[in-house]
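Student: My questions will all concern the structure given below.
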Amino acid sequence: MISLKNKFKNKKIIITGHTGFKGSWLAFWLKILGAKIVGLSDEVLTYPSNFKILGLDKLIDSRKVDIRDLEKVKKTIQSIKPDFIFHLAAQSLVKKSYDKPLKTFTTNSIGTLNILETLKFLKKKCTVILITSDKSYKNLEFKRGYKENDILGGHDPYSASKAAAELIIQSYIHSYFNKNTKILIGVARAGNVIGGGDWSENRLVPDCIKSWSKRKKVYLRNPLSTRPWQHVLEAVGGYLLFAVKLNSNPKLHGEVFNFGPNNKNNYSVINLVKTMKIKWKNVSWKILKNKKNKLYESKLLKLNSSKAKKIIKWKSILNFQDTTNMTINWYKKYYDFPKEIVDFTKNQIFSYQKKMTEKL
């Protein structure tokens, strides 16, 4: 059994990318747990923004810092002297990576390098979770699910930038952070995360919600592609658990863990859309057939999370129906009763945290 209670209370925690989808959920959860949070991000990328919907701009110390600016990153981290760092700052969209490859590589690869370079000069103990992606793996359409020691690579700039970040991380761990270091580093990879508060462009759930809320059709590019759909709290809960375990067990330093859903959660795009349709009125969609300038997209993505289950006792605890219901219920609450969305979000976290305590 694992309880996150008191594990982060009054701890100084830096979250990079705290204004993003996963970052805002992580920041909100840690705020509930009593942490002293400093968020580093160069901008709020979407409107609406989960970061602002939850009032995090008033709840935490939010600082405008471009992760690509080494001197500013170094100065900020050294002045805060954090107990924990969660590095999520990234250009996270595959389509945008084709449009802005330089920004994608500098943010995802050099941004991670800047964090690691700064850690070389930090004198106190700090536990660091670096979040990369399931797309770090070279996509070979494995049905068994990718394991942590599978080959890395990427057909698109986003995937390649994340794989490059992984190589940088391993290089720094072996070159500068040995087993006796006060800096404890772990790498987390998660899959296709969904949940309330995601407003990113060219992502399935936000595209559906934004279209359906205006009674418009949503356009589907690859309806038969399968993804390991996972609720955002599953991934974020994995990061938190990993941080707790790493902080107390230096033997986990340098380890990489997948945080993916149960294999049964590998459903197609059209399956997810039809499941969401049950709880949303006036739903329609159209499948795009003659797609121009088609970008590479994998048909099958799956993670094998048996290592996390065995070593840090983490496992996915939500099934596909739970994941879909929690996601669509959040958006319904946002549109129908916007003043209640903060409490609703808290309750989703409390409910999931209780399940973690009971089942992990």
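Student: Between Rg and the Kirkwood Rh of the range 228-360, both from Cα atoms, what is the Rg to Rh ratio?
Tutor: Checking Rg against Rh, the ratio lands at 1.03.
Student: Would you work out if the range 22-82 is rounded, prolate or oblate? Take a ≥ b ≥ c from the square roots of the eigenvalues of the alpha-carbon gyration tensor; rounded if a/c is under 1.5, else prolate when a/b is larger than b/c, oblate otherwise.
Tutor: The shape class here is oblate.
Student: Sticking with this one: Residues with beta-carbon under 12 Å from that of GLY154, excluding GLY154: net charge, scoring Lys, Arg +1 and Asp, Glu -1?
Tutor: Neighbour charge sum, excluding GLY154 itself: 0.
Student: Can you tell me the convex hull volume per residue for the range 127-184, based on C-alpha atoms, in Å³ to the nearest whole number?
Tutor: Spread over its residues, the Cα hull of the range 127-184 gives 86 Å³ apiece.
Student: For the range 129-143, take each phi angle, set θ = phi - 60°, evaluate the Karplus expression 6.51 cos²θ - 1.76 cosθ + 1.60, and give the result in whole Hz per residue in order, putting x for glycine and proline.
Tutor: Whole-Hz 3J(HN,Hα) from phi for the range 129-143: 10, 9, 8, 10, 6, 5, 7, 5, 6, 5, 7, 10, 6, 5, 7.
Student: According to the Cα gyration tensor, what semi-axes, each the square root of 5 times an eigenvalue, does the equivalent ellipsoid of the range 1-153 have, listed from largest to smallest in whole Å?
Tutor: So the equivalent ellipsoid measures 25, 19, 18 Å along its semi-axes.
Student: Moving on to the next point. On the protein heavy atoms, probe 1.4 angstrom, tell me the percent of accessible surface of the range 205-245 carried by carbon and sulfur.
Tutor: That fraction is 49 percent.
Student: Find the accessible area per residue for the range 235-360; the probe is 1.4 Å, ligands and nucleic acids are left out, and the unit is Å².
Tutor: Accessible area per residue, the range 235-360: 52 Å².
Student: If Lys and Arg each add +1 and Asp and Glu each add -1, what is the summed charge of the other residues whose beta carbon sits under 11 Å from the beta carbon of LYS72?
Tutor: Surrounding charge for LYS72 is +1.
Student: Okay, next question. Let me test this: with uniform point scatterers at the alpha carbons of the range 128-231, what is the Debye-based log₁₀ I(q)/I(0) at q = 0.14, 0.20 1/Å?
Tutor: After summing over all Cα pairs, the log10 values are -0.71, -1.13.
Student: Calculate, in nm to one decimal, what ARG63 and HIS174 gain on full extension: separation in residues at 0.36 nm each, minus their alpha carbon distance.
Tutor: Computed gain between ARG63 and HIS174 is 36.9 nm.
Student: List, in the order given, every pair from LYS313/LYS354; LYS72/LYS95; LYS7/LYS31; LYS279/LYS354; LYS7/LYS264 whose Cα-Cα distance in the structure shown is over 21 Å.
Tutor: LYS72/LYS95; LYS279/LYS354; LYS7/LYS264
Student: Given H placed 1.01 Å from N in the peptide plane, which residues other than close sequence neighbours of HIS231 have an amide H under 5 Å from its amide H?
Tutor: Amide H neighbours of HIS231, under 5 Å, 5+ apart: ILE194.
Student: Answer with a single label: of (i) 29, 59, 12, 0; (ii) 29, 51, 17, 2; (iii) 31, 62, 7, which was calculated as P(r) over Cα pairs in 20 Å bins from 0, in percent from the structure in view?
Tutor: Among (i) 29, 59, 12, 0; (ii) 29, 51, 17, 2; (iii) 31, 62, 7, the one calculated here is (iii).
Student: Return the aspartates and glutamates within reach of LYS277: Cα separation strictly under 15 angstrom, same-chain partners fewer than 8 residues apart disregarded; answer none if there are no such residues.
Tutor: ASP207, ASP322
Student: If I take R0 = 25 Å and measure r between the Cβ atoms of LYS147 and ILE287 in this structure, what FRET efficiency does the formula 1/(1 + (r/R0)^6) give, to the nearest 0.05?
Tutor: Result of the calculation: an efficiency of 0.15.
Student: Which FRET efficiency value, to the nearest 0.05, do you get for PHE344 and ARG215 by plugging their Cβ-Cβ distance into 1/(1 + (r/R0)^6) with R0 = 30 Å?
Tutor: Efficiency, rounded to the nearest 0.05: 0.80.
Student: Here's another thing I want to ask about it. What residues have an amide H closer than 5 Å to that of ILE185, excluding those fewer than 5 places away on the same chain, when H is modeled at 1.01 Å from N in the peptide plane?
Tutor: For ILE185, whose amide H was placed from the backbone, the distant partners under 5 Å are VAL128, GLY254.
Student: I would also like to ask the following. List the relative contact order of the range 1-87 as a percent without decimals, with contacts defined as Cα pairs under 8 Å and 6+ residues apart.
Tutor: 36
Student: If I take all pairs of Cα atoms in the range 4-43, what percentage of them are more than 16 Å from each other?
Tutor: Of all Cα-Cα distances in the range 4-43, 27 percent exceed 16 Å.
Student: To continue, here is another question. Mind checking which aspartates and glutamates have their Cα closer than 17 Å to the Cα of LYS182? Skip sequence neighbours fewer than 8 apart in that chain.
Tutor: Candidates past the 8-residue exclusion: ASP83, GLU117, GLU255.
Student: TYR146's amide H: which non-local residues (gap 5+, or another chain) put their own amide H closer than 5 Å, with H modeled 1.01 Å from N in plane and none for Pro or chain starts?
Tutor: LYS302, LEU303, ASN304
The values are calculated or read from the model by the stated rules, or taken from the named source; none is laboratory data. Just so we're clear, the structure is a prediction, and the values are computed from it rather than from any experiment. Methodologically, a virtual Cβ is constructed for each residue, glycine included, from the backbone with ideal geometry; neighbour enumeration extends over all protein chains shown. Only protein heavy atoms, including side chains, enter the accessible area calculation; ligands, DNA and RNA are left aside. Shrake-Rupley method; radii C 1.70, N 1.55, O 1.52, S 1.80 Å.
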